[in-house]
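Report on one structure; see the data block that follows.
The values are calculated or read from the model by the stated rules, or taken from the named source; none is laboratory data. Model, not experiment: these values are computed from the prediction. Note that we place each Cβ from the backbone using ideal geometry, even for glycine, and neighbour counts take in every protein chain shown. Only protein heavy atoms, including side chains, enter the accessible area calculation; ligands, DNA and RNA are left aside. Shrake-Rupley method; radii C 1.70, N 1.55, O 1.52, S 1.80 Å.
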Amino acid sequence: METEEQLAPQRKGRLISRVLTPAIKLWLRSQLDHIDDLQLQIDSGNRELLSGSIPKVFLSAAQAVYQGIHLSRAQVIAENISTNLRQVLRGKAIRLLEPLPIQLDAALTATDLAASTDSELFQTAMKLGLVPLIEQQLSGVSDWPFPDWQPGATPEIQLSDLRMELSCDRLQIYAQVQHPVTQSLQAIVLETGLLLVNPHELRLDSPQGFYPPANQPVPLTQLHDFGFDLGTDVQLTVLQITEAAILCQGQIKIMPVQPGESDLD
C-alpha cells in the first residue's frame, strides 16, 4: 500500500492535469480567435495550488489570432500567480487576483502584418500611433503629409487604409489621410526606424515621408526626437525590426479584472 508521501505527487499531478491546465487552456482559447500548438507547463505544489498560488507557468503558442491580429510565435513565463483556484475547482473560470508581471518573447512576422491589416483592432492601434505623430508634423511649416502646409489651428486628422511593411531596421507605414480643408484624400508613406530609449519609451529614428509612387523623401523636421511612452506596465529589453519580423522581448504587467471581463480587453 502506498503511503501519503508517495501519493502526494500523484494527487498534485492529477490536480494540475485534470483541473488547472484545462482551465487555463480553456480561458486562453476563449479569448482568441485561433491558436495552434498551445504548450503549457505548470510548476506548483499541492499546498500552493490549494491556496490559489502558482509559483511558475511557462506557455508557448504558435499562430495565435486575437481579434484579427495574427502572431506567429509567443512564449510567456509568469511567476507567483495569484488565482481563484478554489472557485475553479467548483467549475468557475480562472482569473487573476493580483497584478501579474509576465516575461514575453514574441515575433510578429511580415506575413502576420499582412494578415492583420484589415482587422479593426489593427487599424485602431495604427491610428492611435500615427495621429499624434502627424499632428506634431503639422505644428510647423511642412511638405508632408500635405504639400505646402502652413500651420494654424490643430487640424482633425482622418486616416484610413493603414498597412505596415518591414525592411531591415525600418518600418514603412502606408495610409490615406484626408486634407482638413479640401477634404481630398492623400496617399502617404512614413518610413522610420524605432529606437528603444529605455524599457518603456520608443523614439523615431530618422523618419522620412513619401508620396507614393514617388521615391523622393520629404524631411520631417518636426518629428526629430518624437517618442512614444508605453507606460510603466511595459518594460521592453529587445526590439528588433528585420525584413522578416518584428522581434520583441520584455516584461508586461497584466492587471486583474472583474468576473465577466477579459484580461485582453
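Where nothing but the Cβ of Lys and Arg (+1) and of Asp and Glu (-1) is charged, how large is the charge dipole of region 112-265 around its Cα centre, in debye to the nearest 20?
Computed about the Cα centre, the dipole is about 220 debye.
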Looking at 84, 174, 210, which one has the Cα that reaches farthest to the positive end of the dipole of the chain (charges on Cβ: Lys, Arg +1; Asp, Glu -1)? 84
Give me the percent relative contact order of the chain, please, defined on Cα pairs under 8 angstrom at least 6 residues apart. 15 percent
Calculate the spin-label point distance for residue 153 paired with residue 103, positioning each point 7 Å from the Cα along the beta-carbon direction, and give it in nanometres. 5.3 nm
Amide H contacts under 5 Å for residue 158, placed H, 5+ residues apart: 178
In range of the label at residue 237: residues from region 97-116 whose backbone nitrogen is under 20 Å from the point 7 Å along Cα→Cβ: 100-108
Where does helix 4-15 land angle-wise versus the long Cα axis of the chain, in degrees 0 to 90, nearest 10? 40 degrees
What fraction of the Cα pairs in region 70-119, stated in percent, has a spacing above 18 angstrom? 56 percent
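Compute the Rg to Rh ratio over the chain from the alpha carbon atoms, using the Kirkwood formula for Rh, and round to two decimal places.
Using only Cα positions, Rg/Rh for the chain is 1.09.
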If I take R0 = 30 Å and measure r between the Cβ atoms of residue 169 and residue 121 in this structure, what FRET efficiency does the formula 1/(1 + (r/R0)^6) give, to the nearest 0.05? 0.70
Quick one: putting +1 on the C-beta of Lys and Arg, -1 on the C-beta of Asp and Glu, what dipole do you get for the chain around its Cα centre, in Debye to the nearest 20? 1220 debye
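With +1 on each Lys and Arg Cβ and -1 on each Asp and Glu Cβ, how big is the dipole of region 39-154 about its Cα centre, in debye rounded to the nearest 20? Walk me through the intermediate numbers first.
Details: 8 positive and 11 negative charges, 174 e Å.
The calculation lands at about 840 debye.
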Excluding same-chain pairs closer than 8 in sequence, count the lysine pairs in the chain whose Cα atoms lie under 19 Å apart. 5
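Of 112, 161, 43, 233, which has the most accessible area with a 1.4 Å probe, and how do the rest follow in descending order?
Greatest to least solvent exposure: 161, 43, 233, 112.
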Whole-Å distance, taken between Cα centres, linking region 60-105 and region 107-146: 28 Å
At most 10 other Cβ atoms within 10 Å plus a DSSP loop assignment makes a site exposed; report the longest stretch of the chain without any exposed GluC sites (Glu not before Pro). 3-155
If you rank 255, 164 by how much accessible surface each has, with a 1.4 Å probe, what is the order from largest down? 255, 164
Which residues' amide hydrogens lie under 5 Å from the amide hydrogen of residue 73, considering only partners 5 or more residues apart or on another chain, with H built in the peptide plane? 63, 107
By accessible area with a 1.4 Å probe, ligands and nucleic acids excluded, highest first: order of 189, 197, 19: 197, 19, 189
For all pairs of alpha-carbon atoms in region 15-87, what percent lies in each bin of width 5 Å, listed from the first bin to the last filled one? 3, 15, 26, 24, 15, 11, 5, 1
Expected vector for region 163-179, Karplus 3J(HN,Hα) from phi with 6.51, -1.76, 1.60 and θ = phi - 60°, integer Hz, x for Gly and Pro, equals 8, 10, 10, 10, 9, 4, 6, 9, 10, 10, 10, 9, 7, 10, 10, 8, 5
For labels at residue 247 and residue 181 in the simple 7 Å Cα→Cβ model, what's the distance in nm? 4.7 nm
Counting sequence-distant residues (5 or more places) and residues on other chains, those with an amide H built under 5 Å from that of residue 230 are 201, 202
